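Asker: Sharing a structure below in structure tokens format, with a few things to ask.
The values are calculated or read from the model by the stated rules, or taken from the named source; none is laboratory data. As the structure is a computational prediction, the values presented were derived from the model and not from experiment. Cβ placement follows ideal geometry from the backbone for every residue including glycine, while neighbour counts extend to all protein chains displayed. When the accessible area is computed, the model is the full protein with side chains, heavy atoms only, and any ligands, DNA or RNA have been set aside. Shrake-Rupley method; radii C 1.70, N 1.55, O 1.52, S 1.80 Å.
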Amino acid sequence: MARVLVLNGPNLSRLGTREPEVYGHATYADLVRECEEAGASLGLEVEVRQTNDEAELIAWLHEAQDTGAAVVLNPAAFTHYSYALRDACAMLTTPLVEVHISNPAAREEFRHTSVISGVATGTIAGFGTDSYRLGLRAVASLLGR
Ligand code: DQA
């Protein structure tokens, strides 16, 4: 079964209470469950992780490359400025789908730049936690599932 790492950057563990008017009411635990259910129905082995630590996120991308796992990545605020994360993403030879819960293009100016999009296979943003389900569907289709 194809393996997919669903990787989440800073502050996403706070979903449910973090700015619910922007990010909705689903908790991080809800998000994990939704991703696992979507993975099961798509025939993908899904593992969901979250970190506030840039170095840890980069190490997980190295792991994805070393193990041949596809990646669904919500880089959170790192989206907008982390060249180190971008370089790690650029190394991937497996599908990489960038996802966002909100639509950064419709928010503050600093969120309009993604340093990740240019090295992602594609980006899905603005559909709440459904962005992850859509991201997993994109991975399944890229892998011919
Ligand atoms: C986010 C959007 C980013 O601008 C923000 O820093 C986040 C979450 C999203 O999922 O909408 O932390 O990636």
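Asker: Who wins for biggest fluctuation among Ala125, Ala106, Ala55 in a Gaussian network model of the chain, springs between alpha carbons below 10 Å?
Answerer: Among Ala125, Ala106, Ala55, the largest GNM mean-square fluctuation belongs to Ala106.
Asker: Report, as a whole number in µm² per second, the diffusion coefficient that Stokes-Einstein gives for the chain at 10 °C and 1.306 mPa s using the Kirkwood radius over alpha carbon pairs. Show your work: numbers first, answer last.
Answerer: Numbers: Rh = 14.9 Å.
Answer from the Stokes-Einstein relation: 107 µm²/s.
Asker: Continuing with the same structure: Given points 7 Å out from each Cα along the Cα-Cβ axis, report the Glu36 to Glu21 separation in nanometres with one decimal.
Answerer: 3.4
Asker: Quickly estimate the mean residue ellipticity at 222 nm for the chain, helices only: each DSSP H run with n ≥ 4 gives -39500 (n - 2.57), and the total goes over all residues, rounded to 500. Walk me through the intermediate numbers first.
Answerer: Details: 5 runs with 54 residues, N = 145.
Taken over the chain, the calculation gives -11000 deg cm²/dmol.
Asker: Here is a follow-up. What whole-number value in Å² describes the accessible area per residue of the chain for a 1.4 Å probe?
Answerer: Accessible area per residue: 47 Å².
Asker: Which whole-number percent gives the relative contact order of the chain, counting Cα pairs below 8 Å spaced six or more residues apart? Display every interim value, and only then the final one.
Answerer: Details: 269 pairs, mean separation 38.5, N = 145.
Relative contact order for the chain comes out at 27 percent.
Asker: Expressed as a whole percentage, what fraction of the accessible surface of the stretch 2-142 belongs to carbon and sulfur atoms when a 1.4 Å probe is rolled over the protein heavy atoms?
Answerer: Details: 3170 of 6380 Å².
Heavy-atom surface of the stretch 2-142 belonging to carbon and sulfur, 1.4 Å probe: 50 percent.
Asker: Also, I was wondering about something else. Using the Kyte-Doolittle scale, find the helices of the chain whose mean hydropathy is at least 1.6 and whose Cα atoms extend 15 Å or more along the helix's long axis, counting only whole DSSP H runs.
Answerer: none
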